[in-house]
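Engineer: Quick one: structure below, then a few questions.
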Amino acid sequence: MIRIRPDLRYRPLCHDCGSPTGTVHSKGHLRIIRDLPLAGTDTWLQVGYRKVWCEECGGTRVEQLTFADANKRITYRLARYIYELCKIMTVEDVARHLDLNPKTVKAIDKIFLQKEFGRTDYTGLRILAIDEIALKKGHNYMTVVLDYLTGRVVWMGQGRSKETLDLFFGGMTEEQKATIEAVAIDMWEPYINRIQHYCPNAKIVFDMFHVVQAFGRVIDEIRREEYFNATLKDRMVIKGSRYLLLRNGENLSKEQRGRLYKLLGINATLHAVYVLKDQLKVIYHYRRRQATKRALESWCAMAEELDQPDLNRFVKRLRFFEYGILNHCDHSIGTSRLEGVNNKIKLIKRKAYGFHDDRYFALKIKQAFADKKSTNYLG
Ligand SMILES: [Zn+2]
């Protein structure tokens with residue numbers, strides 16, 4: 001415990017407005033404030049402070065302290081340390097490390113995040129990728145807007161409706177909207193509608209990542225149906241095979257590959273769908289519109305031969321949204337960045353969504369995907 005007293009050589013300042021004040025209202029107030037650990041020892045400051053009469057505010061105020069907010073229980077430098085730790089550890093870890101309440105740690109982290117990432121920076125946007133993330137499996141969505149060129153998360157908002165994007169585009173100037181050249185999205189009507197409305201000159205691109213992801217959902221549907229229609233013996237093979245079908249073959253272990261081949265061997269529909277998944281990527285190998293169009297058409301024809309309802313619906317969508325697939329020839333938006341972002345967000349979700357605070361979660365994501373020009377808060 002370090003006891004500190006006001007330096008009487010200086011006039012006290014008002015905590016609220018910062019103006020110097022002449023009249024000390026009362027002295028000898030004490031407050032215990034937690035500070036950074038000193039030489040490995042938990043450290044507190046016993047702060048003596050005054051209350052002052054502030055002309056500016058027209059009332060009694062506590063005096064301003066340079067090292068802490070007199071209304072808070074920790075010093076600025078401890079708060080800053082907590083913020084830094086929260087960049088690399090979970091809130092629970094930081095709380096345990098410093099023996100603080102997790103709610104306190106999270107609140108401090110959020111204050112700093114809010115200062116640094118609370119406002120939307122619309123500058124320099126040319127190519128966007130807009131994506132949805134499910135906070136709970138299958139519902140409670142949030143929309144993420146990524147600056148595709150820098151990898152910065154520009155904005156996050158609740159839901160995945162037209163209104164969600166109204167909020168995003170609503171903050172942009174006409175000039176900023178006009179500089180958007182292309183937007184990569186999933187084949188999702190509310191997004192398409194709003195992009196066409198706000199940025200009529202921007203090209204909508206259904207990139208490979210989103211199309212393969214959409215097809216993954218179709219595979220999942222078909223797998224579920226096949227499971228219900230299978231014999232008991234075959235069910236054992238189909239059960240838990242979701243990731244075998246959805247993952248890239250190269251990323252499977254030898255044992256997993258063995259299980260995949262067994263699955264493909266017993267179920268012709270799943271086998272065909274699995275082949276179609278790889279073939280879908282081939283469409284994106286082409287750079288010329290005509291060639292892409294032909295590849296897409298031949299894929300659709302192959303898929304239709306299976307005459308499977310879920311698959312037929314998907315084919316119908318692909319044909320309907322052909323323009324966005326062909327736009328890939330003008331703006332070849334790579335898959336690895338979008339996939340990387342997607343995976344990293346999932347990781348942050350596991351670590352930071354325990355508080356069920358959408359705002360906090362969004363700020364953590366913006367922090368994790370800030371581009372280099374963002375400066376740290378040094379206040
Ligand atoms: Zn004041």
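The values are calculated or read from the model by the stated rules, or taken from the named source; none is laboratory data. Note that this is a predicted model, so its numbers are computed, not measured. We place every Cβ from the backbone using ideal geometry, glycine too, and count neighbours over all the protein chains shown. Note: accessible area is taken over every heavy atom of the protein model, side chains too, but ligands, DNA and RNA are not part of it. Shrake-Rupley method; radii C 1.70, N 1.55, O 1.52, S 1.80 Å.
Engineer: Let me know the shape class of the range 223-281, please: from the alpha-carbon gyration tensor, a ≥ b ≥ c as square roots of the eigenvalues, rounded when a/c is under 1.5, otherwise prolate if a/b is greater than b/c, or oblate.
Structural biologist: In terms of gyration-tensor shape, oblate.
Engineer: Tell me the accessible surface of Leu135 in square angstrom (1.4 angstrom probe, heavy atoms of protein chains only), to the nearest ten.
Structural biologist: Counting only protein heavy atoms, Leu135 exposes about 10 Å² to solvent.
Engineer: At a probe size of 1.4 Å, how large is the accessible area of Leu318, to the nearest 10 Å²?
Structural biologist: Taking all protein chains as shown, Leu318 has close to 0 Å².
Engineer: Could you sort out which of Lys115/Lys346; Lys110/Lys364; Lys103/Lys351 sit more than 18 Å apart by Cα distance in this structure?
Structural biologist: Over 18 Å Cα-Cα: Lys115/Lys346.
Engineer: Using alpha carbons only, how many degrees (0 to 90, rounded to 10) separate the axis of helix 289-305 from the longest principal axis of the chain?
Structural biologist: 70 degrees
Engineer: Take Tyr191, Tyr10 and sort them by solvent-accessible surface of the protein heavy atoms, 1.4 Å probe, largest at the top.
Structural biologist: Tyr10, Tyr191
Engineer: Moving on. Quick one: how many lysine pairs does the range 161-288 have with C-alpha atoms less than 16 Å apart and a gap of 8 or more or different chains? Give me the count, please.
Structural biologist: Numbers: Lys177/Lys203; Lys233/Lys262; Lys239/Lys262; Lys254/Lys262.
Eligible lysine pairs with Cα atoms under 16 Å apart amount to 4.
Engineer: Given a 1.4 Å probe and every protein chain left where it sits, what share in percent of the accessible area of the chain is carbon and sulfur?
Structural biologist: Here it works out to 53 percent.
Engineer: Calculated FRET efficiency, Met236 and Asp166, Cβ-Cβ r, R0 45 Å, to nearest 0.05?
Structural biologist: E(calc), rounded to 0.05, equals 0.40.
Engineer: If ligands, DNA and RNA are left out, what is the accessible area of Ile180 with a 1.4 Å probe, given in Å² to the nearest 10?
Structural biologist: We get 0 Å² for Ile180.
Engineer: Work out the length of the dipole vector of the range 1-87 about its Cα centre, built from +1 on the beta-carbon of each Lys and Arg and -1 on the beta-carbon of each Asp and Glu, and round it to the nearest 20 debye.
Structural biologist: 220 debye
Engineer: Provide the FRET efficiency to the nearest 0.05 for the Gln158-Arg224 pair, computing r from the beta carbons and using R0 = 30 Å.
Structural biologist: Rounded to the nearest 0.05, the efficiency is 0.55.
Engineer: Please compute the contact order of the range 205-342 in relative form: average sequence separation of alpha-carbon pairs under 8 Å and at least six residues apart, divided by the residue count, as a percent.
Structural biologist: Rounded, it is 37 percent for the range 205-342.
Engineer: Share of antiparallel DSSP beta bridges in the range 1-145, in percent to the nearest 5?
Structural biologist: Within the range 1-145, antiparallel bridges account for around 85 percent of the total.
Engineer: The range 75-146: percent of C-alpha pairs farther apart than 20 Å?
Structural biologist: Value for the range 75-146: 51 percent of Cα pairs lie more than 20 Å apart.
Engineer: Counting heavy atoms of the protein chains only and a 1.4 Å probe, report the per residue accessible area for the range 92-237 as a whole number of Å².
Structural biologist: Using a 1.4 Å probe on heavy atoms only, each residue of the range 92-237 averages 48 Å².
Engineer: Moving on. How many nm separate the modelled label positions at Gln290 and Asn201, each set 7 Å beyond the Cα in the direction of the Cβ?
Structural biologist: Using points 7 Å along Cα→Cβ, the separation is 2.9 nm.
Engineer: Sticking with this one: Take every Cα pair under 8 Å in the range 129-272 that's 6+ residues apart, average their separations, divide by the length, and report that relative contact order as a whole percent. Don't skip to the end; give the middle numbers.
Structural biologist: Working: 156 pairs, mean separation 19.4, N = 144.
Relative contact order here is 13 percent.
Engineer: Two decimals is fine: what is log10 I(q)/I(0) at q = 0.18, 0.20, 0.28 Å⁻¹ for the range 294-363, from a Debye sum with one equal scatterer on every Cα and no solvent?
Structural biologist: -0.82, -0.85, -1.15
Engineer: Does the range 1-105 come out rounded, prolate or oblate, given a ≥ b ≥ c as the square roots of the eigenvalues of its C-alpha gyration tensor, rounded meaning a/c under 1.5 and, failing that, prolate meaning a/b above b/c? Provide the component values of the computation, followed by the final result.
Structural biologist: Working: a/c = 2.99, a/b = 2.06, b/c = 1.46.
Prolate is the answer for the range 1-105, as a/c is 1.5 or above and a/b outweighs b/c.
Engineer: Separate question: Charges on Cβ only, +1 for Lys and Arg, -1 for Asp and Glu, centred on the Cα centroid of the chain; of His197, Leu232, Thr23, which one is farthest towards the dipole's positive end?
Structural biologist: Thr23
Engineer: May I ask you to derive the relative contact order of the chain, considering only C-alpha pairs under 8 Å and at least 6 residues apart, and to give it as an integer percent? Mind showing how you got there, number by number?
Structural biologist: Values: 495 pairs, mean separation 47.2, N = 379.
Here the relative contact order equals 12 percent.
Engineer: OK, next. Kirkwood hydrodynamic radius of the chain from all distinct Cα pairs, in Å? Don't jump to the answer; show the numbers that get you there.
Structural biologist: Working: mean 1/r = 0.0402 Å⁻¹.
This gives a value of 24.9 Å.
Engineer: Using θ = phi - 60° and the Karplus form 6.51 cos²θ - 1.76 cosθ + 1.60, what ³J(HN,Hα) does each residue of the range 242-250 get, whole Hz, x for Gly and Pro?
Structural biologist: 3J(HN,Hα) across the range 242-250, in whole Hz: 3, 5, 4, 7, 8, 6, 5, x, 5.
Engineer: To check my understanding: the extent here is largest minus smallest coordinate of the Cα atoms along each principal axis. What are those three numbers for the range 148-283, in Å, largest first?
Structural biologist: Sorted largest first, the three principal extents are 61, 27, 23 Å.
Engineer: For Lys233, Lys203, Lys239, give me the order by solvent-accessible area with a 1.4 Å probe, most accessible first, ignoring ligands, DNA and RNA.
Structural biologist: Of Lys233, Lys203, Lys239, the descending order of accessible area is Lys233, Lys239, Lys203.
Engineer: If the cut-off is 18 Å between C-alpha atoms, which aspartates and glutamates fall inside it for Lys136, apart from same-chain ones fewer than 8 positions away?
Structural biologist: Leaving aside aspartates and glutamates fewer than 8 places away in the same chain, those within reach of Lys136 are Asp220, Asp357, Asp358.
Engineer: Counting only protein chains, not ligands or nucleic acids, how are Arg96, Arg119 ordered by accessible area (probe 1.4 Å), most first?
Structural biologist: On the way: Arg96 170, Arg119 200 Å².
Of Arg96, Arg119, the descending order of accessible area is Arg119, Arg96.
Engineer: Rounded to the nearest 20 debye, what is the charge dipole size of the chain about its Cα centre when +1 sits on each Lys and Arg Cβ and -1 on each Asp and Glu Cβ?
Structural biologist: 1040 debye
Engineer: What FRET efficiency, computed as 1/(1 + (r/R0)^6) with R0 = 51 Å and r the Cβ-Cβ distance, is obtained for Arg77 and Arg126, rounded to the nearest 0.05?
Structural biologist: Efficiency, from the Cβ-Cβ distance: 0.80.
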